[in-house]
Amino acid sequence: MPSINLPGKNDGGHDSRFFTTQKKGEMHELKMELHSTDRNTKVDAVKKVIASMTVGKDVSSLFTDVLNCVQTGNIELKKLVYLYLINYSKSQPELALLAVNTFVKDASDPNPLIRALAVRTMGCIRVEKITEYLCDPLSRALRDEDPYVRKTAAVCVAKLYDLAPALVQERGFLEILHDLISDSNPSVVANGVAALSEIAETSGKDVMKISASVLQKLLAALNECTEWGQVFILDSLAKYAPADAREAEGIIERVTPRLQHANSAVVMSAVKVILSYMELMGSANTDTIRNLTRKLAPPLVTLLNSEPEIQYVALRNINLIVQKRPSILENEIRVFFCKYNDPIYVKMEKLEIIIKLVSEKNIDQVLLELKEYATEVDVDFVRKSVSAIGRCAVKLERAAERCIGVLLELIQTKVNYVVQESVIVIKDIFRRYPNRYESIIATLCDNLDTLDEPQAKASMIWIIGEYAERIDNADELLDNFLETFEEEDPSVQLQLLTATVKCFLKNPEDTQDMVQRVLDLATEESDNPDLRDRGFIYWRLLSTDPEAAKLVVLGDKPVIEDDTFKLEPNLLNTLIGQIATLSSIYHKPPEAFVVRASGRGVMHLGVGGDDMGEDDEEDYEDDEGIEQEDPVDLLDMGGMGINDNGAGDDLFGSSTPQAEQAVRFVKVCSEEKSGGIDVLAAYHQVNGNVLMELEFQNKSCSVPVSNLAIQLNKNAFGLSPVNQQIICNPPVQVGSSGTATVQLVANRSMLAPVQPGPASPQVQVAIKNMATSQVFYFAANFNIDAMFSSGGQMDRNAFIETWKNIDDGKEIYSTVSDLPSTDIDGIQAKFELYNIFFIARRQGMDGQEVVYFSMKTMTGMDFLAELTFKAGVNACKICLKTENTSYGHLVKNAIENLLRF
């Protein structure tokens, strides 16, 4: 149905006057005008009502007055009235029934426009009581002699199915839609296909039945219907399975002309059909496939001359296509070279495709292009470009030396972020081609001073440790890093620990003190469980069997593989079938981000992954069709002694006084760096405020420590001090210590961009001693449990719904052993102090007890946890689920620490 257009300036109307501010008594004036006998006055009055409705004013009191205007032969006025009825029928369902007689009457009007308008409006009114009156007019409209009415009625069936699917089945509307696919009018065919496609999406059933005769009708309509009709037909053809290669080839011949269409959606849908059928044709028709490959390249290239938004969508689809059939665009790599005015999101996608299409034939021009990109001003794009050079080296063995040459040239620029990204990718090249390009290590070592990012530091430390026997001063280089060991990111600490052990195993005489020092730091000074565990493993290996340690630490490592074509074949085939949809942009199958309203009542909650047997799965098979009002109790909570808040009832109606969170100090700065003051830091929460507790131990500072200023660098939590001044009262004299509290607040302007991978717990701090004017720096790792909000409690149903909506790929697992206690009640009480809220508890298999908790940070990030305890074992299995995966490992570590504490 054509959209409703109010008259504009060019046709004599002055629509802005309908939006003027209402004067006193205007409702009464509108009523009078709506009952006017003058047609123009009545039309103007309805326009004023629509205008008020558009700007959000409530004009529902005029419902009956507007409805009276529907008895007219003027189509413009009827459209306006029907627009008003569609808007207010939900809030006034009883009054909407008053319009039924008009709809039924209009559905039999001699004018086909009015018949179609009546059926369309009844379909748009989402009131169940009207559906029974809609069926008869709809049935007549589907068989109407006018094609405009039939195509409008076809869409109305899909709307009715969404409201009353049983009624559609009962009245045989699906069969009539199948008949419409064979209609003589191409627009009717297209709308019939669109309606069946929508019903198939809604129901999850294949209601689109394409026979040989229907197939020919669809192909015939393809040349004559509108562009959006063509999209629906092409999408339905993509799901059709041809009987043999000959039929597939015949359909492709009919579809190929659509590749020249001006509408990009038609082009992409045609590409989807051809790619799907090429797969069915197999390798026997090599000549045909080669010809089709040549035909697909030009339309895809043409899409890159469109607006940036269309370019981005096209590039995301092309990314899939070149993974499936790289030969299509292997000679077109130049069209993916970035233009200076391309938006950054387009540039990033082009880089990904360049890497996929690079070959030994075009590597030289690609390297020249990437080298040019590395001089751009956008830091993220520069990093991606440098990374792309490294990926080209990993992908093409013969070109690796040329890629390294370009990287060395970039390192000579001394640009900080270029050098750091180069070091990261050179590490991957070393792992890909061991013992081949180590001659450049000296150049890398000359640039150690520029490394200040964790990933770059970790990569350089890995190189030093791996090739310690070739670096004369490897122990000195590692020793320099050890000076700031406690302040480093966990990834750097782990790499530094391993590199030092490697260096010791290769040169034990000169590095014994150093390895002892790093093992002490890892096992005694660190509160990171991963670092501590690795430290103990190395310690035991070195003290009991050094030869075994060499086999473990210095053993052959698997060579990294080229990850250019990283999608699994099955997933790639699924996504190729979803080209020109959101799936092809997200690179995820539809079920990963679409929840069907009419599918299975509740998804099974495979929380732990190990404690659901075959009997349980059969039980869940029986849950299909469960009503939302009576959801299955997946966690088997049963409501025994648990109130709505998930806590046990207090018999006396009183509450236990809440204990305070423990304060766990860690040394963060030594006296050598701070002018004679040792600094210890801890984080905790009191009354909803995040506090940094600082302890100053005056070792040798002659001036009493009394007045300081503090500043925090941008960090992953957005933390900044409420007040930058720190007062120690009384002043801390030499040989004594004192504490101070700094209140922190989460501030978006202090939020550091989170790099891919786990967020860093580091909070970099600068403190100025006002008495000596000395500024010293340190990093104090933040424990995220100090940021959990008191509003993190979820009810049971919300927990289940949130859990099932988070993709299983975002689960984080770990096992904590040697726990001081596995008393679940005690753990629950301790967790509550840290705003980790109990949800439910159930018996698992083999004597396991499974407990569920929820937590939310003050910045609004939700985390769900499942803890599994086994009787007689002092260990716990943790499964954490969250959409904020970058912070998931920090929360997992926090839970581990609290369990051990």
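The values are calculated or read from the model by the stated rules, or taken from the named source; none is laboratory data. Quantities reported herein were computed from a predicted structural model and do not represent experimental measurements. Neighbour counts are summed over all protein chains in view; Cβ atoms, including those assigned to glycine, are modelled from backbone coordinates with ideal geometry.
List of remarks:
- Odd one out for D846, checked against (1) surrounded by fewer than 19 Cβ atoms within 10 Å (Cβ to Cβ); (2) assigned to a strand (DSSP E or B): (2)
- Selection status of T102, over 40 Å from the mean Cα position of the chain (by Cα) and of a type in the set (V, I, T): yes
- Pairs linking a residue in the range 319-347 that is over 16 Å from A297 (Cβ atoms) to a residue that is of a type in the set (D, E) and not in a helix (DSSP H, G or I), with Cβ atoms under 7 Å and 6 or more positions apart or on different chains, are I344/D378.
- Qualifying residue in the range 516-535 (condition: among the charged types (D, E, K, R) and not in a helix (DSSP H, G or I)): yes
- Residue pairs meeting the criteria (Cβ under 8 Å; at least 6 apart or on separate chains; first farther than 14 Å from S327 by Cα and touching a residue at least 24 places away in the same chain (Cβ under 8 Å), in the range 350-362; second in a helix (DSSP H, G or I) and hydroxyl-bearing (S, T, Y)): L351/Y373; L351/S385
- Out of E509, E561, E486, sole residue that is assigned to a helix (DSSP H, G or I), at pLDDT below 85 and not basic (K, R): E509
Residues checked against (1) more than 38 Å from the chain's Cα centre (by Cα); (2) over 30 Å from Q764 (Cβ atoms); (3) among the β-branched types (V, I, T):
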{"position": "T484", "(1), (2), (3)": "no, no, yes"}
{"position": "L497", "(1), (2), (3)": "no, no, no"}
{"position": "K502", "(1), (2), (3)": "yes, no, no"}
{"position": "D520", "(1), (2), (3)": "yes, no, no"}
{"position": "S526", "(1), (2), (3)": "no, no, no"}
{"position": "R540", "(1), (2), (3)": "yes, yes, no"}
{"position": "D545", "(1), (2), (3)": "yes, yes, no"}
{"position": "K557", "(1), (2), (3)": "no, yes, no"}
{"position": "D562", "(1), (2), (3)": "no, yes, no"}
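- Subset of the range 846-861 (residues that are in contact with a helix residue (DSSP H, G or I) (Cβ under 9 Å, 6 or more places away or on another chain) and either farther than 15 Å from G718 by Cβ or in contact (Cβ under 8 Å) with a residue 40 or more places away in the chain (or both)): E849, V851, Y852, F853, S854, M855, T857, M858, T859
- Filter pass, K272 being among the basic types (K, R) and modelled with pLDDT of 85 or more: yes
- Listed here are the helices (runs of 4 or more DSSP H) enclosed by the range 144-186 that have at least 2 residues being of a type outside the set (V, I, T), free of Cβ contacts under 8 Å to residues at least 24 places away in the same chain and not assigned by TED's automatic domain parsing to the domain that holds V231: 165-170, 173-180.
- Failed item in (1) more than 23 Å from Q578 (Cβ to Cβ); (2) under 31 Å from the mean Cα position of the chain (by Cα), with F173 passing the rest: (2)
- Looking across the range 368-391, the residues that are surrounded by fewer than 21 Cβ atoms within 10 Å (Cβ to Cβ) and aliphatic (A, V, I, L, M) come down to L368, V377, V379, V382.
Yes or no, residue by residue, for (1) among the acidic types (D, E); (2) under 30 Å from L899 (Cα atoms); (3) assigned by TED's automatic domain parsing to the domain that holds S854; (4) crowded, with 21+ Cβ neighbours inside 10 Å:
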| position | (1), (2), (3), (4) |
| --- | --- |
| I677 | no, no, no, yes |
| N687 | no, yes, no, no |
| K699 | no, no, no, no |
| S706 | no, no, no, no |
| P761 | no, yes, no, yes |
| A766 | no, no, no, no |
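- Scan of the range 851-872 for residues that are among the hydrophobic types (A, V, I, L, M, F, W, C), farther than 14 Å from S789 by Cα and at pLDDT 90 or above, ordered by number: V851, A865, L867
- Of the candidates L899, L819, L864, L880, the single residue that is in a strand (DSSP E or B), in contact with a helix residue (DSSP H, G or I) (Cβ under 8 Å, 6 or more places away or on another chain) and either in the same structural domain as L751 (by TED's automatic domain parsing) or closer than 30 Å to F536 by Cα (or both) is L880.
- Some residue of the range 150-168 being among the basic types (K, R) and either under 23 Å from P110 (Cβ atoms) or surrounded by 22 or more Cβ atoms within 10 Å (Cβ to Cβ) (or both): yes
- Which listed residue, of K79, K105, is of a type in the set (K, R), in a helix (DSSP H, G or I), in contact (Cβ under 8 Å) with a residue 24 or more places away in the chain and within 27 Å of D44 (Cα to Cα): K79
- One residue from R334, R325 being at pLDDT 90 or above and not hydrophobic (A, V, I, L, M, F, W, C): R334
- Residues that are surrounded by fewer than 20 Cβ atoms within 10 Å (Cβ to Cβ) and in contact with a helix residue (DSSP H, G or I) (Cβ under 7 Å, 6 or more places away or on another chain) do occur in the range 802-811, at least one of them.
- In the range 112-148, the qualifying residues are those that are at pLDDT below 80 and of a type in the set (K, R), and the one that is surrounded by the most Cβ atoms within 10 Å (Cβ to Cβ) is R126.
- Filtered residues of the range 825-839 (kept if surrounded by 16 or more Cβ atoms within 10 Å (Cβ to Cβ) and either of a type in the set (A, V, I, L, M) or on the phi > 0 side of the Ramachandran plot (or both)): I827, L833, N835, I836, I839
- Residue in the range 192-212 that is surrounded by fewer than 17 Cβ atoms within 10 Å (Cβ to Cβ) and basic (K, R) present: yes
- Residue satisfying condition, being hydroxyl-bearing (S, T, Y) and either in contact with a Ser or Thr (Cβ under 9 Å, 6 or more places away or on another chain) or at positive phi (or both), within set S700, S720, S674, S737: S720
- Checked against (1) under 30 Å from the mean Cα position of the chain (by Cα); (2) more than 23 Å from E360 (Cα to Cα); (3) surrounded by 17 or more Cβ atoms within 10 Å (Cβ to Cβ), C338 passes all but condition (2).
- Annotation note: of I344, I310, I411, the sole residue that is β-branched (V, I, T) and buried (at least 18 other Cβ atoms within 10 Å of the Cβ) is I411.
- Segments classed as helices (runs of 4 or more DSSP H), wholly inside the range 226-304, with at least 1 members that are more than 22 Å from D206 (Cα to Cα) and hydrophobic (A, V, I, L, M, F, W, C): 245-255, 264-281, 286-303
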